[in-house]
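Report on the structure given below.
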Amino acid sequence: MKITISVIKADVGSLAGHHIVYQEQIELAKKILEEAKNNGLLIDYYVFNAGDDLELVMTHTKGESSPEIHGLAWNVFKEVTEKVSRPRKLYAAGQDLLSEAFSGNVRGMGPGVAEMEIEERRSEPIIVFAADKTEPGAWNLPLYRIFADPWNTAGLIIDPALHQGFVFRVLDVIEGKAINLKTPEEAYDLLALIGTTGRYIIERVYRADGLLAAVASVTRLSLIAGRYVGKDDPVCIVRCQHGLPAVGEALAPFFTPHFVAGWMRGSHYGPLMPVGLKDSRCSFFDGPPRVVALGFQLAEGKLIGPADLFEDVAFDHSRRIALQMAELIRRNGPIAPAILGPEELEYTGIKETLQRLASRFKPEK
């Protein structure tokens with residue numbers, strides 16, 4: 001039996017600005033998904049938050065892009081917005097719901113989506129990553145290191161099942177085109193693309209024999225709305241062990257924080273800090289950007305767990321480094337490289353400022 005894991009998230013309002021999801025929002029989401037489980041639509045579910053984003057993990061047999069599952073998620077976000085966020089005057093209520101009516105699929109409507117349909121292996125460990133105050137391109141470096149860097153993933157050398165490499169499906173979110181690149185043969189070509197994190201985004205990773213290994217959300221809200229409506233706050237699912245990178249190898253890239261786009265008003269670079277669920281709340285300069293990692297075992301579609309993987313004291317060191325990086329880059333204030341480039345700021349209020357000043361620019365004498 002094929003099992004589908006659907007991770008769908010949305011910012012539908014938060015407590016104290018862009019800080020954290022309100023507990024009543026989580027409880028209502030659980031209630032709606034429990035009804036869907038009792039009615040046979042879902043096998044299992046888990047609800048949590050990454051900063052100010054409400055995250056739904058759902059397992060079922062409906063396949064990817066199912067109108068029933070996407071409709072369920074849309075209904076959760078609408079109900080939470082109307083029954084909790086707006087009555088409580090939570091900040092940015094319904095921010096990621098860019099349409100009034102569901103059209104059969106939440107892709108392109110605001111919520112972020114990562115889904116994979118798989119045949120469960122003898123043992124099926126998965127990690128659900130969820131980030132806040134950043135964009136889908138934030139996964140590019142970690143996914144490359146997990147599946148293509150032998151300095152990170154010893155299994156690429158040691159495990160014969162990994163030794164043949166992986167295929168990365170990269171999406172050009174500007175042109176709406178995709179390309180498949182195989183590592184290690186095309187590693188340099190892959191790196192030439194994914195360094196431009198605002199345009200070329202790793203969407204899926206397959207083992208050389210075709211086994212699906214990872215899926216990431218790629219929606220960019222600014223490209224949908226044509227204006228800044230909040231950073232995309234992506235999600236990602238990674239399968240582990242038994243011929244795939246180990247759980248520890250999948251977590252290792254986050255031990256060394258890297259700079260990602262987003263942070264305050266979606267307009268700054270900041271370090272991606274790995275945190276446990278209890279610390280998934282953004283404060284300093286609306287950040288720094290956070291990432292949580294929940295480990296599950298799948299058993300006939302049942303979600304066993306989760307293990308709060310970044311709660312480990314081993315990542316205390318990573319958090320200290322991230323805070324040092326945050327302090328350093330904030331010294332630049334509104335000056336590059338702390339602030340994003342003009343192609344990203346085009347979707348913010350900077351565009352209006354430039355238009356207002358345009359007539360005052362005169363040819364240099």
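For ASP232, only one of the following conditions fails: (1) over 17 Å from LYS133 (Cα atoms); (2) modelled with pLDDT under 95; (3) part of a loop (DSSP other than H, G, I, E, B). What is its number?
The single condition ASP232 does not satisfy is (1).
Pull out all pairs, ordered by first then second residue, where Cβ-Cβ is under 8 Å, the residues are six or more apart or on different chains, the first lies in region 337-365 and is among the small types (Gly, Ala, Ser), and the second is surrounded by 10 or more Cβ atoms within 10 Å (Cβ to Cβ) and not in a loop (DSSP other than H, G, I, E, B).
Taking only residues 6 or more apart or on different chains, the pairs are ALA338/HIS268; ALA338/TYR269; ALA338/ILE329; ALA338/ARG330.
Quick test for you: out of ALA161, ALA131, ALA138, pick the one residue that is in contact (Cβ under 8 Å) with a residue 60 or more places away in the chain and surrounded by fewer than 17 Cβ atoms within 10 Å (Cβ to Cβ).
The match here is ALA161.
For ILE304, all conditions in the list (1) touching a helix residue (DSSP H, G or I) at 6+ places or on another chain (Cβ under 7 Å); (2) exposed (fewer than 15 other Cβ atoms within 10 Å of the Cβ); (3) β-branched (Val, Ile, Thr) hold save one; what is the number of the exception?
(1)
Looking at (1) surrounded by 21 or more Cβ atoms within 10 Å (Cβ to Cβ); (2) over 30 Å from ILE5 (Cα atoms), which one does VAL275 not meet, given that it meets all the others?
(2) is the only condition that VAL275 fails.
Counting only residues that are within 26 Å of MET116 (Cβ to Cβ) and aromatic (Phe, Trp, Tyr), which one in region 1-58 is surrounded by the fewest Cβ atoms within 10 Å (Cβ to Cβ)?
The qualifying residue surrounded by the fewest Cβ atoms within 10 Å (Cβ to Cβ) is TYR46.
Among what's in region 322-344 and is in a helix (DSSP H, G or I) and over 24 Å from VAL291 (Cβ atoms), pick the residue that is nearest to the chain's Cα centre (by Cα).
Among them, the one singled out is GLU343.
Check region 207-222 and report whether any residue there is out of contact with any strand residue (DSSP E or B) (no Cβ under 9 Å at 6 or more places or on another chain), small (Gly, Ala, Ser) and modelled with pLDDT under 95.
yes
Would you mention how many residues in region 91-134 are over 22 Å from the mean Cα position of the chain (by Cα) and at pLDDT 95 or above?
5
Output yes when any residue across region 277-288 is within 30 Å of GLY40 (Cα to Cα), at pLDDT 95 or above, in a helix (DSSP H, G or I) and in contact with a strand residue (DSSP E or B) (Cβ under 8 Å, 6 or more places away or on another chain), and no when none is.
Yes, some residue in region 277-288 is within 30 Å of GLY40 (Cα to Cα), at pLDDT 95 or above, in a helix (DSSP H, G or I) and in contact with a strand residue (DSSP E or B) (Cβ under 8 Å, 6 or more places away or on another chain).
Check region 96-112 and report whether any residue there is within 23 Å of ALA216 (Cα to Cα), in contact (Cβ under 8 Å) with a residue 12 or more places away in the chain, in contact with a Ser or Thr (Cβ under 7 Å, 6 or more places away or on another chain) and assigned to a helix (DSSP H, G or I).
No, because not a single residue in region 96-112 is within 23 Å of ALA216 (Cα to Cα), in contact (Cβ under 8 Å) with a residue 12 or more places away in the chain, in contact with a Ser or Thr (Cβ under 7 Å, 6 or more places away or on another chain) and assigned to a helix (DSSP H, G or I).
The values are calculated or read from the model by the stated rules, or taken from the named source; none is laboratory data. Predicted model only: the values in this text are computed from it and were never measured. Glycine gets a Cβ as well: all are built from the backbone with ideal geometry, and neighbour counts include every protein chain shown.
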